[in-house]
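Beneath this line is the structure, given in C-alpha cells, with notes to follow.
Every read-out reported here was derived from the displayed coordinates using simple, explicitly stated rules and does not represent laboratory data. Computed from a predicted model, the values in this text were never measured in an experiment. Here the Cβ positions follow ideal geometry from the backbone for every residue, glycine too, while neighbour counts run over all protein chains shown.
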Amino acid sequence: MEMRRRFRRISVFTICNTLLMLAVCFITLYPMYFVLINSFNAPEQALLGTVNWFPKAVSLDSYRVVFNDENMMNGFLVTTLRTVIGTVVHVLFTAIVAYGMSKSNLIGRKVYMKIALITMLFSGGLIPTFILMTKLGLYDNFLVFIIPAMYTFFDMVIFISFYRTIPESLEESAKVDGASDYGVLFKIVLPNSMAVIATISLFAAVYHWNDYYQGVLYIRSQEILPLQTMLYKIIAENSMSFMQQQAMAQFGAKLPGNSIKFASMMVATLPILAFYPFIQRYLVKGVMIGAIKG
Amino acid sequence: MFQHKTGQIKTFLRQWQLQSMVIPGIVWMFIFCYIPMFWLIIAFMDYNIAKPMMDSPFVGWKHFQDFVTDDRFWRSIRNTLGMSSIKLILGFPIPILFALLLNEIRSLRFKRTVQTISYLPHFIAWTIFGGIMLNWLGEGGVINQLLIAIGVQDREILFNSEPKYFWWIAFFSDTLKEMGWSAIIYIAAISGIDPGLYEAAELDGAGRWQRMWHITIQSIRPTISILFILAVSGLLGSNFDQIFMLKNNMNMKMAESLDLYIYNMGLVSGRHSFSTAVLFARSIVALGLLFLANFSSKKLNGEGIF
C-alpha cells in the first residue's frame with residue numbers, strides 16, 4: 001500500500017513536470033514562430049490582423065519588399081560590417097592586452113590592474129560618454145561602433161585566466177628558439193586559445209548584431225544606420241519608414257506595414273538563428289568560465 | 001633603493017614588447033573610462049557642449065538641488081525601485097525553480113533539448129522581442145484574444161497605452177526572454193553536485209522533495225546568495241534596452257526609470273549638466289550598494305565578489 005502510493009505520486013509528478021517543460025519550450029519558441037508565420041502571411045490577409053497558428057495564404061511579397069528596399073539592405077550591410085570588424089578588433093585588442101597583463105614579471109602590473117579594476121567600479125555614464133564621443137568626432141561616424149567596444153574588463157579577465165592554463169614549457173621552448181613576445185603570442189598562445197577566442201568572439205558578435213541603442217544615440221546618417229536601429233524606428237517609434245512608403249506605393253494600400261515589419265524582423269534574426277547551434281555551445285561554455293571566475 | 005629603481009627601468013626597457021601590448025589598453029581606458037569620469041565635473045557647472053569646458057561657469061550644487069525638488073525625478077526613482085522589486089521578489093526564484101524542475105527530468109536528451117530551447121530568446125534582439133510584445137499587447141493581439149477567450153476580460157484593452165500595466169509588462173516580457181538564460185548558472189551548479197549524496201539520501205529513505213530541499217538547494221545555496229546579492233546591488237539599474245523599446249508617450253508615467261530619466265533630460269531636453277548631476281548621485285549610491293554587496297558576500301560565503 002505504502003509503496004503503491006509513493007509510486008503513483010512520483011509518476012504524477014513526472015507527468016506534470018514533463019508537461020511543464022513542454023510548456024516552457026512552447027512559450028519560448030512561440031514568439032519566433034509567430035513572427036515567422038506572420039511574415040509569410042499574404043498581405044491582403046495581413047490586413048485582417050495577425051494569425052496565431054498558420055498563415056491564411058502563404059506569400060513572399062513582404063520579403064520581396066524587404067529585399068528590394070535599399071535602406072534595409074544597406075542597414076543589413078552596415079550591421080554585418082560592424083559585427084565582423086567590431087568582433088575582430090575587440091578580440092584581437094583584448095587578447096593582446098590580456099597577454100601582457102598575464103605576465104607576472106611585467107613591471108607596473110599591479111598599477112595596471114588597479115587602473116583596469118577601477119573602471120569596473122565607477123564610470124562616467126551616459127552624458128559624459130556622449131560628450132566624449134562628440135568631442136572625439138565619433139558622432140555620426142561608423143567608428144563609434146568599433147572603438148568604444150574594443151575592450152572589456154570581463155573579457156580580459158577571461159583571456160588572462162585561460163592563458164594561465166597553457167603550459168609554460170610551450171612558451172619557453174619557443175623563447176629558446178629565439179621567438180619574440182609577439183611571436184610567442186601569435187604562434188603559440190593564440191593558436192592554443194581557440195576555445196576562448198570562439199567564446200569571446202560569439203559574445204561580441206551577438207552584442208554587435210543585436211545592439212540598436214548605439215545607433216539611436218550616435219548615428220544620424222542613413223548610410224551608416226544599423227539594421228536594428230532601423231527596426232527600432234519602424235517598430236517602437238512607429239515611423240512610416242521609407243521602405244513602407246515605397247511598399248504602399250508599389251502595392252497600393254494592399255500591403256499593410258505589419259507583414260513587412262514581421263518580414264524585416266525575420267531577416268534581422270535569421271543570422272542569429274543560423275548561428276544558434278554554435279552560439280549556444282560556446283556561449284554556455286563562456287558563462288561557465290565567467291561563473292567560475294566569480 | 002636607487003639601484004632598485006634603475007634595475008626596474010632596465011627591466012621595463014627589456015620587456016618593451018610586453019609593455020607595448022599593455023600600454024595601448026591603458027591608454028584606451030584613460031580615454032574611454034577615465035575622461036568620462038573626469039567629465040562628471042560638469043554636474044557642478046552650467047556646461048555648454050559647444051564651448052570648451054573651462055568656459056562654463058561653476059554653479060556648485062545647483063543642479064543637485066534642482067533634481068531633488070523635481071517630482072519627475074522621484075517618479076523615476078519610484079518606477080525604478082518598483083520594477084526592480086517586482087523582478088527581485090517574483091522574478092528571482094523563477095530560474096531557480098526552473099533549474100530544479102529541469103533537474104528532475106530523467107531523460108538526458110529531453111533535458112538538453114529543453115535547456116537549449118529555453119535560452120533561445122536571450123539571443124533575440126530587444127527590437128525584435130519588444131516588437132512581438134507590442135504586437136501581442138495591442139489591438140487584436142494574442143494577449144487580448146487569450147484573455148477574452150478564457151473570460152478574464154470582455155473587451156479589448158490596449159495594455160501598452162495604459163500606464164498601470166507597464167511594470168507588469170516589463171516583468172513578464174523580461175521573464176519570458178531571460179528565464180532560461182538565467183537558469184544556466186544554477187543548472188551548472190546542480191550538475192556539479194556529487195551523485196553519491198543522492199544515492200545515500202535515497203538509501204536513507206529520503207523522498208523526492210526531501211532530496212531536492214536537503215541536497216540540491218543546500219548545495220547551490222552559495223550560488224543563490226551571490227546572485228541575490230548582485231541583484232540587490234543592481235536595484236537602481238533597469239533593463240534599458242527593454243524599457244526604451246516598450247515605452248511610449250502614453251505609458252511614460254510608469255515607464256520612465258532612472259536611466260530613461262537621465263536620457264530624456266540629458267539628450268532629449270539637452271540639459272547636460274542637470275542629467276550629469278543625477279548620474280553622479282546615482283553612481284555614488286550604486287558604488288555604495290556594490291561595496292555593501294561585496295561586504296555581505298564576504299560575511300555569508302567568506303568570499304567577496306571582487
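Assorted remarks:
- Computing FRET efficiency as 1/(1 + (r/R0)^6) for residue A:19 and residue B:250, where r is the C-beta to C-beta distance and R0 is 35 Å, gives about 0.35.
- Qualifying chymotrypsin sites (Phe, Trp or Tyr not before Pro) for region B:72-136 [loop in DSSP, other Cβ within 10 Å: at most 10]: none
- Estimated dipole of region A:70-239 in Debye, rounded to 20 [Cβ of Lys and Arg +1, of Asp and Glu -1, Cα centre]: 440 debye
- Cα gyration tensor shape for region A:106-167, rounded if a/c is under 1.5, else prolate or oblate: prolate
- Cβ crowding within 10 Å, taken as a proxy for footprinting-reagent exposure, orders A:79, A:152, B:69 from fewest neighbours to most as B:69, A:152, A:79.
- Placing a label point 7 Å from the Cα of residue B:292 along the Cα-to-Cβ direction, the residues of region B:56-96 whose backbone N falls under 20 Å of that point are B:68, B:74-92.
- Estimated FRET transfer efficiency when R0 is 60 angstrom, pair residue B:213-residue A:111 (beta carbons, to 0.05): 0.80
- Sequence-ordered 3J(HN,Hα) estimates for region B:182-196 from the Karplus curve with 6.51, -1.76 and 1.60 and θ = phi - 60° stand at 5, 6, 3, 5, 6, 4, 4, 5, 5, 5, x, 6, 5, x, x Hz, glycine and proline given as x.
- Normalised contact order of chain B, rounded percent, pairs of Cα under 8 Å and 6 or more residues apart: 26 percent
- Residues in region B:209-215 carry Karplus couplings, in order, of 5, 5, 5, 4, 6, 7, 9 Hz; the curve used is 6.51 cos²θ - 1.76 cosθ + 1.60 with θ = phi - 60°, and Gly or Pro positions show x.
- Cα-centre dipole for the protein assembly as shown with unit charges at Cβ (Lys and Arg positive, Asp and Glu negative), debye to 20: 1200 debye
- Nearby lysines by direct alpha-carbon distance to residue B:298 (threshold 19 angstrom, same-chain neighbours under 8 apart not counted): A:293
- Lysine pair count for region A:70-239 [Cα-Cα under 26 Å; pairs on different chains or 8 or more apart]: 5
- Gained length - residue A:270 relative to residue A:140, 0.36 nm times residue gap less alpha-carbon distance: 44.1 nm
- With a simple spin-label model that places each label point 7 Å from the Cα along the Cα-to-Cβ direction, the separation between residue B:62 and residue B:284 comes to 1.9 nm.
- Global geometry of region A:70-239, whether rounded, prolate or oblate, following the gyration tensor of its Cα atoms and the 1.5 cut on a/c: prolate
- Exposure proxy ranking for B:97, A:225, B:267, based on other Cβ atoms within 10 angstrom of each Cβ and starting from the fewest, stands as B:97, B:267, A:225.
- Residue order for B:186, A:30, fewest other beta carbons within 10 angstrom first, comes to A:30, B:186.
- Sites matching chymotrypsin sites (Phe, Trp or Tyr not before Pro) across region B:1-70 that sit in DSSP coil, with at most 15 neighbouring C-beta atoms within 10 Å: B:61
- Across the options A:258, A:143, A:277, the greatest Cα extent toward the positive end of the charge dipole of chain A (unit charges at beta carbon of Lys, Arg, Asp, Glu) belongs to A:277.
- Among the trypsin sites (Lys or Arg not before Pro) in region B:38-113, those placed in a DSSP loop whose Cβ has at most 14 other Cβ atoms within 10 Å are B:106.
- Taking every residue in B:178-188 and counting other chain Cβ atoms within 10 Å of its Cβ, the average works out to 2.
- Whole-Å distance, taken between Cα centres, linking region B:58-79 and region B:183-211: 51 Å
- Most positive-pole-ward Cα, B:235, B:260, B:185, against dipole of region B:175-306 from beta carbon charges: B:260
- Gyration tensor verdict on region B:70-301 (Cα atoms; rounded if a/c is under 1.5, prolate if a/b is larger than b/c, oblate otherwise): oblate
- Taking amide H positions as modeled 1.01 Å from N, with prolines and chain starts lacking one, the residues under 5 Å from residue B:45 and 5 or more places away or on another chain are B:59.
- Backbone geometry of region A:261-269 corresponds, through the Karplus equation with coefficients 6.51, -1.76 and 1.60 at θ = phi - 60°, to 3J(HN,Hα) couplings of 3, 5, 5, 5, 4, 5, 4, 6, 9 Hz, x marking Gly and Pro.
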